[in-house]
Every structure is written in structure tokens, then in C-alpha cells.
Amino acid sequence: MIGNIHLDEVYFKVKGKDRYRWSTKDKGTKYRIYGCLTSKRDYATGAKPLFKHIKRLCLQQFLDRKKNGRKIRFVTDKLAHYKKGFNKYFRRIALLTHGVPIKAKRNGLKYNNNCVERDHQYNKQRYKTMRGSAVLESADAILDFFDAHYNFIDKQKILGKRQTPANAAGIKIDLGDTYNLLRFIEVAYDEK
């Protein structure tokens, strides 16, 4: 179940070059919906695939919420690529709060992007160990692994109880009580 979707990008260094990690996160369940690492901060390689992926995964939820009169809201910063992607894929079935500054709460704005901004710090801390990554694809795969670990193994207080973001979002995978990471890898390979 999706609430408000927050979108943002942050840069990482891969072999001394700037790369951009595009991220989406559901604020209510804290579930990281999608992330990708690109060499450019442009619409074609970053924002467009991000919106296409969200539409492919969550379109029915958007349609159901629209039918009930409670559209899902996207919350973004001022990057124009987000507005372009939203207009192409979601303008009729969702809402957009575009141009939210980092200090939105201080400025008295109702919507802010803090939940995805905090994720950047989480990812950057873990990324420090792989600064020597030579290839964009391997750095992206490691960041995807961090997202999977966060979504399916990292329990936190969400919606009043201690659970993983995947459980809060209604995604049920039985990983048992111990060795969750090993069990997660086994389940992922069994599904292929």
C-alpha cells in the first residue's frame, strides 16, 4: 500500500567521477521502491526510468486510490526532470508537490522530502567501503543490495510496530528468525 512517494537524487563518486543515484521511497511504509545509479543527471537516464518503473510496479494502486478520491502524491525537489516525468506518466492519476526545499519543515510547508534525504546519508555511509568501485554497474548493484537489505531485513518501527518496510508495504517473504540475509539470498535464487 503506497502513501506519498518521495523522489530525490544524490551524487556518489565512482573512480573519481560524479555519478547520480536516483531514489524513490514510500513515506508511510519506508519502502524503497526504486533506485538507479547513472553517469548523468538527465531525464533520459534518470527520471524517465524511475517513473516508468514506478508505473510498472504500482499502476493498479494509483488507479484504485484515484477511484476512491485519494490520489497518491509525489514529493520532489526543484529538479525539472521530475516534473517532466510526472506529467508524462502520472498527471491524470496522481498529485505532484514539486519544488520542495530541504528546509521545508522550517519554512512551514506541509510536505517535505526528509525521508528520502535521510536515506542518502544511510547509503553514503555504506558506500564509503566501496569507493574504489571501477565500474558503474557494480556500484549500482551494491547500492541495490543495500536497498534490498533495508527493505527486507532491516527491522524498524513503522506504523506503530517493529517490522521491515516490505512487511509494512504488504510484501510477505518468510525469512525465519535467524540468518535473514542468507535466507533472503536463498529465496531470491529459488524464484529465478
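Assigned to a helix (DSSP H, G or I) and modelled with pLDDT of 90 or more - does that describe any residue in the stretch 24-44? Spell out the reasoning first.
Within the stretch 24-44, the first condition is being assigned to a helix (DSSP H, G or I), and the residues that meet it are 43-44.
If we keep only those that are modelled with pLDDT of 90 or more as well, we get 43-44.
Within the stretch 24-44 (the criterion being assigned to a helix (DSSP H, G or I) and modelled with pLDDT of 90 or more), the answer is yes, since at least one residue qualifies.
What number of residues within the stretch 51-85 satisfy the criterion of being out of contact with any helix residue (DSSP H, G or I) (no Cβ under 7 Å at 6 or more places or on another chain) and either hydrophobic (A, V, I, L, M, F, W, C) or more than 27 Å from Gly170 (Cα to Cα) (or both)?
12
Residues in the stretch 86-97: is at least one of a type outside the set (Gly, Ala, Ser), within 15 Å of Asn114 (Cα to Cα) and surrounded by 17 or more Cβ atoms within 10 Å (Cβ to Cβ)?
Filtering the stretch 86-97 down to residues of a type outside the set (Gly, Ala, Ser) leaves 86-93, 95-97.
The next check asks that each one be within 15 Å of Asn114 (Cα to Cα); those that pass are 97.
The next check asks that each one be surrounded by 17 or more Cβ atoms within 10 Å (Cβ to Cβ); those that pass are 97.
Scanning the stretch 86-97, I find at least one residue that is of a type outside the set (Gly, Ala, Ser), within 15 Å of Asn114 (Cα to Cα) and surrounded by 17 or more Cβ atoms within 10 Å (Cβ to Cβ), so the answer is yes.
If I filter the stretch 9-20 down to residues being in a strand (DSSP E or B) and out of contact with any strand residue (DSSP E or B) (no Cβ under 6 Å at 6 or more places or on another chain), which single residue comes out as nearest to Glu117 (Cα to Cα)? Outline the logic, then answer.
Going through the stretch 9-20, the residues in a strand (DSSP E or B) turn out to be 9-14, 17-20.
Subset that is out of contact with any strand residue (DSSP E or B) (no Cβ under 6 Å at 6 or more places or on another chain): 13-14, 17.
On the way: Lys13: 18, Val14: 20, Lys17: 22 Å.
Checking each candidate, the answer is Lys13.
Restricting the first residue to the stretch 30-55 and requiring it to be surrounded by fewer than 18 Cβ atoms within 10 Å (Cβ to Cβ), which pairs with a second residue that is among the hydroxyl-bearing types (Ser, Thr, Tyr) meet a Cβ separation below 6 Å and a spacing of at least six or different chains?
Hits for this filter: Arg41/Tyr20; Thr45/Thr38; His53/Tyr34; Lys55/Tyr89.
The values are calculated or read from the model by the stated rules, or taken from the named source; none is laboratory data. The model shown is predicted, which means the values in this text are computed figures rather than measured ones. Note that each Cβ is placed from the backbone with ideal geometry, even for glycine, and that neighbours are counted across all protein chains shown.
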